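In what follows, a structure is listed as structure tokens, so that the remarks can point back to it.
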Amino acid sequence: MLDVGSIGLTRAELELRRERYLVRGRWSKADVWVTSLRGGRRVVVKDFAHKSLIGRVWGCLQVWREARLLVLLGDMRAVPALIARLGALALVIEYVDCVPLFWCSEPERAQGCLAQLEDILEEMRRRGVIHNDLRSRENIQLAPAQGRVILLDWAGGVCLRPGSWAYRWLYPSLRVADTAACLKWKQLLRPDQISDQDRRFLRRFRVLRVLWPFNRKGLGAFAPRCAAASRGEASCSSSDQFTK
Ligand SMILES: Nc1ncnc2c1ncn2[C@@H]1O[C@H](COP(=O)(O)OP(=O)(O)O)[C@@H](O)[C@H]1O
Ligand SMILES: [Mg+2]
């Protein structure tokens, strides 16, 4: 993996060239901003440098985990390229001109995106990777110019070496969250294509989510859903998730 020195820019220069913030995260979440390299190539910086001490310690771990996954999946079209590490607290990532997938309102296009999403999950399975946060609405984006589905935010990802005992024993259970998220996207974009089997799977998963002790939203599975989010209406914040 490249260090920021190898792209010929220091943090100060990248900050000087900053165009805008995409997200200003709370204490445990990164600030995400857009800047450019010398040749003009746009990049995103995912940055914990200006957090409190606890935020920086947490950020260090997040940056390490995300970098690891981005390197592992670096040849996948659906994953933005990691360009460099900016010390221990930030990553420089390829900027992709994209919109949240839930803005996609044309059934034909939605169908294509869902097919891509299934292929991406299959490729992840082959590599022993789990994203773990595909329920977050803003983590799946669409680059309209290329019709390319993009998966962002890999800090929660896990990778188990295919063939290892951990893969054989843990992967099928850990993968359930990604599979359920994929079905939720199907339910949102093409509800007409949800089968009875899909519905049964989602019902079982909802029970699991309620029982799961680390569920961030507690009984959030039954909280009111983010109503404005579907089909091109106002965007929800990046932490909004499918809630049903
Ligand atoms: N490589 C990228 N290209 C374009 N936009 C991005 C990129 N990475 C992140 N973003 C934007 O920034 C938002 C937040 O980034 P993300 O990695 O999901 O961090 P978090 O959810 O922890 O704030 C995304 O929802 C997306 O809108
Ligand atoms: Mg995110």
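Can you list residues from other chains, or at least 5 along the same chain, whose modelled amide H is less than 5 Å from the amide H of residue 23?
When sequence neighbours closer than 5 places are left aside, the close amide H contacts are 32.
Counting Lys and Arg as +1 and Asp and Glu as -1, what is the net charge of the other residues whose Cβ lies under 14 Å from the Cβ of residue 51?
+3
What length, rounded to one decimal in nm, is gained on full extension from residue 193 through to residue 28, with 0.36 nm per residue of separation minus their alpha-carbon distance?
Extra length available between residue 193 and residue 28 comes to 55.6 nm.
Once fully extended, how much extra length lies between residue 200 and residue 20, figured as 0.36 nm per residue of separation less the alpha-carbon to alpha-carbon distance? Provide the component values of the computation, followed by the final result.
On the way: separation 180, 0.36 × 180 = 64.80 nm, distance 4.36 nm.
Net length gain for the segment: 60.4 nm.
Just to be sure I understand the model, the point goes 7 Å from the Cα along the line to the Cβ. What's the resulting residue 145 to residue 211 distance in nm?
It is 4.8 nm.
Can you list the residues of the stretch 26-56 with backbone N under 15 Å from a point 7 Å past the Cα of residue 11, pointing along Cα to Cβ?
Residues 30-33, 45-56 fall inside that zone.
Any aspartates and glutamates with Cα under 14 Å of the residue 51 Cα? List them, leaving off those in the same chain fewer than 8 positions away.
Cα-Cα hits under 14 Å: 31.
For the stretch 48-188, rounded, prolate or oblate, judged on the Cα gyration tensor with a ≥ b ≥ c (square roots of eigenvalues), a/c < 1.5 rounded, else prolate if a/b > b/c?
Oblate, since a/c reaches 1.5 and b/c is not below a/b.
Any read-out appearing in this document is the output of simple, stated calculations on the displayed coordinates, not a laboratory observation. On a predicted model such as this, the values are computed, not experimentally measured, just so you know. Because the Cβ atoms are built from the backbone with ideal geometry, glycine has one as well, and the counts that use them run over all protein chains shown.
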